[in-house]
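Below: one structure, written as structure tokens.
Computed from the coordinates by the stated procedures, all read-outs in this text should not be read as laboratory data. The structure presented is a predicted model; accordingly, all values stated were derived computationally and were not measured. Cβ placement follows ideal geometry from the backbone for every residue including glycine, while neighbour counts extend to all protein chains displayed.
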Amino acid sequence: MSERETPAGGRSRTAPREVRRSQLIDATISCIARHGISGTTMAMIAGKAGLSTGIVNFHFDSKQKLYEETIVYLAQEHHDKWFREYSNAGLSAAEKLLAIADAHFHAKICTPGKLAVWYAFFGEARRRAVYRDLIDRIDTRRFALSLQLCEEICRDGGYTSVNARVVAQTLEVMYDGFCLHILMYPRDLTRKDARAQIRTYLATVFPDHFTAP
């Protein structure tokens, strides 16, 4: 499905529905990163995308719907990145756990604009509720798989004193904390630094399976 947009020059342009939606989601990320959720308008998003507000309304019934699609897009993008690596049957449990960790700090995932959108949703009470409704399934699945990997590593290495659930929970906290720090203080912590600190933590907990940088 495609729609027609006629720019000022009078030359018609058409684009598939998914292309337009992608344009608008990218524009939404840019606008929220710069202006925040409350400061972003549909007119701003349309202008950033180089489209009319009519085209925005054609694809999204409301700004709320566009925001919801944007956060789902970001969550799915992150999920797809780590799940591709996780699904590699040739990887060990330790390598799969690192794949999940590293996906949080991939260059296409951990960008200032995308991080700003994540934390814009976290920062508003009613947005947090929406976030949980939309994203909880994806987050829950990642945690469950991480927990399974930690349990497998515990069994394989005989780490009888290690609580696998605590390790999996600690990793989740580290992901969120490092991403926030990268957003707020990018000169103090880089994506590479975050990956290194996670490896250091895992090497402390599972010394036979991980090596500190």
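Of note:
- If you take all other residues with their beta carbon under 15 Å from the beta carbon of E172, and give Lys and Arg +1 and Asp and Glu -1, the sum is 0.
- Ordered by the count of other Cβ atoms within 10 Å of each Cβ, fewest first, T160, T70, T170 give T160, T170, T70.
- Ranked list, fewest to most other Cβ atoms within 10 Å of each Cβ, for D176, D80: D80, D176
- Relative contact order of the chain, pairs being alpha-carbon contacts under 8 Å that are 6 or more residues apart, as %: 17
- Per-residue Cβ neighbour counts within 10 Å put H104, H209 in the sequence H209, H104, beginning with the fewest.
- In the frame of its principal axes, the chain has Cα extents of 70, 35, 30 Å, reported largest first.
- The Cα center of segment 45-95 and the Cα center of segment 170-210 differ in position by 24 Å.
- Förster radius 22 Å - calculated FRET efficiency between Y185 and R34, Cβ distance, rounded to 0.05: 0.70
- Here segment 176-212 is scanned for amide nitrogen atoms under 13 Å from the site 7 Å beyond the Cα of S92 along Cα-to-Cβ, giving 203, 206-212.
- Sequence-distant contacts, meaning Cα pairs under 8 Å at least 6 residues apart, place the relative contact order of segment 100-213 at 30 percent.
- Computed from the alpha carbon atoms alone, the convex hull of segment 9-116 holds 124 Å³ per residue.
- Applying a threshold of 29 Å to the alpha-carbon distances of K63/K192; K65/K192; K63/K96; K63/K108 flags K63/K192; K65/K192; K63/K96 as lying beyond it.
- Simple spin-label estimate for D156 and V130 in nanometres, 7 Å along Cα-Cβ: 4.1
- Prolate/oblate/rounded call for segment 118-213, Cα gyration tensor, a/c under 1.5 rounded: oblate
- Counted charge near F206, where neighbours are those whose Cβ lies closer than 12 Å (Asp, Glu -1; Lys, Arg +1): -2
- Stokes-Einstein diffusion coefficient of segment 20-76, Kirkwood radius over Cα pairs, 4 °C, 1.567 mPa s, in µm²/s: 119
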